[in-house]
Amino acid sequence: MEGILTKSSALIVVDMQNDFINGSLAVPNADTIIPVINDYVKLFEKNGLMVVFTRDWHPENHCSFKENGGIWPKHCVQNTYGAEFHKDLYMPSNKYIISKAFLPDLEAYSGFEKTELNDLLKKNNIDTLFICGVATDYCVKQTVLSALELGYKTYLLVDAIKGVDLNNFDSEKAINEMISKGAKAIVFDELINKAKI
Ligand code: VGL
Ligand code: ZN
């Protein structure tokens, strides 16, 4: 293994949970990226590389819910079906799960916000991240921007993300912002070719 995929690379799969795929806060066409994400997960697993799944993990009374003055329908409540990972998502035996946005009064779109993610990556000498999942315009975007601020070389897996698009072009704007701040857009075949594995 050489090229852009090295022992210091990790895959971060953002929030592929039932509520975001076909539940209360369904991201349009999120189901269509599951097979692509599975290909990435298997590629990393096959090469013994780290795979991290983040999950939105709200308490019942989370501030982001409409009933509490927020903008979202109730979603991803801890220990409910809606918060479970989708059944078609391939979960390798060797994986890490990072829960986020678990404090009632704090919205946290980034997988790094108030979590152990940065420590976990540092402990494993990770310097390069490959990020996919949902939603492009919220948690994927904020996770990518945090990663860049923390100094990780960051790839956005553009064939394995989907956005909410509350406003037209939100996802497109989010992708442009991530790239302008240093993220590199890449698709599966390109990664395979450049990885030289
Ligand atoms: C998300 C809206 C609300 C996300 C989380 O995972 O992108 N979006 N909570
Ligand atoms: Zn949420």
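None of the figures in this text is laboratory data; all of them are computed from the coordinates on show. Because the structure is a prediction, the values reported are computed rather than measured. Counting neighbours? That spans all protein chains shown, and the Cβs are built from the backbone with ideal geometry, glycine included.
What is the magnitude of the charge dipole of segment 9-193 about its Cα centre, with +1 placed on the Cβ of each Lys and Arg, -1 on the Cβ of each Asp and Glu, and no other charges, expressed in debye to the nearest 20?
400 debye
Any of Lys66/Lys114; Lys100/Lys181; Lys66/Lys184; Lys42/Lys74 with alpha carbons more than 30 Å apart? Name them for me.
Where the Cα-Cα span goes over 30 Å, the pairs concerned are Lys66/Lys184; Lys42/Lys74.
How far is helix 34-46 tilted off the main Cα axis of the chain, in degrees rounded to 10, range 0 to 90?
Rounded to the nearest ten degrees, it is 40.
Relative contact order for the chain using alpha-carbon pairs under 8 Å, separation at least 6, rounded to a whole percent?
26 percent
Quick one: length gained pulling Lys66 to Ile179 fully straight, 0.36 nm per residue minus the C-alpha distance?
37.5 nm
Over segment 86-158, what per residue volume does the convex hull of the Cα atoms give, in whole Å³?
113 Å³
Taking θ = phi - 60°, what integer Hz values does the Karplus form 6.51 cos²θ - 1.76 cosθ + 1.60 yield along segment 158-172, in sequence order, with x for Gly and Pro?
Per residue, the Karplus-derived 3J(HN,Hα) values read 5, 8, 9, 9, 9, x, 7, 6, 4, 10, 3, 6, 4, 5, 4 Hz.
Top mean-square fluctuation among Asn168, Asn125, Asn22, Gaussian network model of the chain, C-alpha springs under 10 Å?
Asn168
Within the P(r) computed for segment 131-194, what percentage of the Cα pairs occupies the region above 19 Å?
25 percent
Using only DSSP helix segments of four residues or longer, with each worth -39500 (n - 2.57), what per-residue ellipticity at 222 nm results for the chain after dividing by its residue count and rounding to 500?
So the helix-based figure for the chain works out to -7500 deg cm²/dmol.
Provide the per-residue ³J(HN,Hα) series for segment 126-131, in order, calculated from phi with Karplus coefficients 6.51, -1.76, 1.60 and θ = phi - 60°, each as a whole number of Hz, with x at glycine and proline positions.
In residue order, the calculated couplings are 7, 10, 9, 10, 10, 10 Hz.
Restricting to DSSP loop positions (anything but H, G, I, E, B) with no more than 14 other Cβ atoms inside 10 Å of their own Cβ, which trypsin sites (Lys or Arg not before Pro) remain in segment 104-134?
Lys114
What's the longest uninterrupted piece of the chain once you rule out the GluC sites (Glu not before Pro) that are loop residues per DSSP with at most 13 other Cβ within 10 Å?
Counting at most 13 other Cβ atoms within 10 Å as exposed, the longest clean stretch of the chain is 117-197.
I want the antiparallel fraction of DSSP beta bridges within the chain, as a percent rounded to 5.
5 percent
Under a Cβ-Cβ cut-off of 13 Å, what is the net charge of the residues other than Phe65 that fall near it, where Lys and Arg count +1 and Asp and Glu count -1?
-4
Restricting things to Cα coordinates, could you compute the convex hull volume per residue of the chain in Å³?
Taking the convex hull of the Cα positions in the chain, it is 108 Å³ per residue.
Among residues other than Cys132 whose Cβ falls under 12 Å from its Cβ, what is the net charge (Lys/Arg +1, Asp/Glu -1)?
-2
Do any chymotrypsin sites (Phe, Trp or Tyr not before Pro) in segment 136-173 lie in a DSSP loop with no more than 16 other beta carbon atoms within 10 Å, and if so, which?
Passing sites in segment 136-173 are Phe169.
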